[in-house]
Amino acid sequence: MHAERAAWLCKADLTTQMVIEFPTLQGITGRYYARNSGEPEPVATAIAEHYQPLGADTPLPETEVGALLAIADKLDTIVGYFGIAERPTGSQDPYSLRRHALGTIRILQDRQLPLSLDAVVEKAIAGYTVPLVEDTKTSVLSFIKERLRVILSQTQQYTPDLADAVLAVGDVNVIDILKRASALAEFRLTPN
């Protein structure tokens with residue numbers, strides 16, 4: 001119930017003069033408006049947290065409702081832009097879609113949420129009332145897998161071939177992929 005209410009209200013502060021003049025206050029302003037309007041604290045907190053993380057080393061949402069809302073918002077943003085064929089190219093990422101994908105992965109990893117992103121992306125696509133480009137789901141999942149490949153190869157220190165192997169099969173489930181990578185790396189260390 002709190003998640004649904006927070007989802008309805010989470011962008012309301014974007015129309016306020018405060019956020020128009022100080023964009024870095026988006027979410028924070030929303031939390032104050034929600035509190036002032038008598039919304040329950042979990043709703044107000046989720047509104048503030050749904051923008052997190054803002055970068056690679058910035059705080060993650062502390063509450064479950066905030067984490068779930070952040071995941072939904074980030075995936076909806078990625079689906080929306082991919083759905084109109086606005087995708088990052090090379091060093092160009094004007095809509096911060098890479099940051100949204102990495103933020104989603106970080107939250108899932110931190111919370112140990114075994115969520116199938118295939119299903120969540122399908123839900124996000126179903127929420128659009130206008131037609132999206134035909135390969136939206138495939139493109140979004142490939143994009144997220146590429147971010148996972150970077151994490152596995154650079155951050156987790158797995159070899160590129162190991163990363164490719166665990167990403168080649170199954171749903172895009174961050175927790176499952178990380179567990180498979182760890183198991184495969186451990187198996188490689190065992191003698192023949």
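Since every read-out is calculated from the coordinates, none of them should be taken as a lab result. If you're wondering where the values come from, they're calculated on a predicted model, not measured in any experiment. Cβ atoms come from the backbone with ideal geometry, glycine included; neighbour counts cover every protein chain shown.
Among PHE82, PHE187, PHE22, the order by Cβ neighbours within 10 angstrom, fewest to most, reads PHE187, PHE22, PHE82. Dipole orientation for the chain: of the candidates GLY66, VAL19, LEU148, LEU148 has the Cα lying most toward the positive pole (charges on Cβ; Lys, Arg +1; Asp, Glu -1). Sequence-distant contacts, meaning Cα pairs under 8 Å at least 6 residues apart, place the relative contact order of region 48-141 at 32 percent. Here the spin labels are modelled as points 7 Å beyond Cα on the Cα-Cβ line, and at THR138 and GLU62 they lie 4.4 nm apart.
Neighbours of TYR95 by Cβ distance under 10 Å: Lys/Arg scored +1, Asp/Glu scored -1, total +1. The separation of region 129-192 from region 31-50, counted between C-alpha centres, amounts to 35 Å.
Pairs of Lys residues in the chain, spaced 8 or more positions apart or belonging to different chains, with C-alpha separations under 18 angstrom: 7 in total.
Semi-axis lengths, largest first, of the ellipsoid equivalent to region 71-189 are 26, 15, 12 Å, with √(5λ) applied to each eigenvalue of the Cα gyration tensor. Calculated FRET efficiency, LYS11 and VAL169, Cβ-Cβ r, R0 45 Å, to nearest 0.05? For LYS11 and VAL169, the calculated efficiency is 0.75.
Residues whose amide H falls under 5 Å from that of ARG87, counting only those 5 or more places apart or on a different chain, are absent, with hydrogens built in the peptide plane. Residues whose amide H lies under 5 Å from that of ASN173, counting only those 5 or more places away or on a different chain, are LEU117; hydrogens are built 1.01 Å from N in the peptide plane.
A simple spin-label model places the labels of TYR128 and GLN109 2.8 nm from each other, with each point 7 Å out along Cα-to-Cβ.
Summarised in one figure, the compactness ratio Rg/Rh of region 1-131, Cα atoms and Kirkwood Rh, is 0.96. From most to least packed by mean Cβ count within 10 Å, the peptides 154-161, 74-81 give 74-81, 154-161. Please give the helix 64-83 orientation as an angle from the longest Cα principal axis of the chain, in degrees from 0 to 90, rounded to the nearest 10. Roughly 80 degrees between the two axes. For the chain, adding -39500 (n - 2.57) for each run of n ≥ 4 DSSP H residues and dividing by the number of residues yields -18500 deg cm²/dmol at 222 nm. Couplings 3J(HN,Hα) for region 133-147, derived from phi with the Karplus relation 6.51 cos²θ - 1.76 cosθ + 1.60 (θ = phi - 60°), are 4, 4, 9, 4, 4, 4, 5, 5, 5, 5, 4, 5, 4, 5, 5 Hz, where x marks Gly and Pro.
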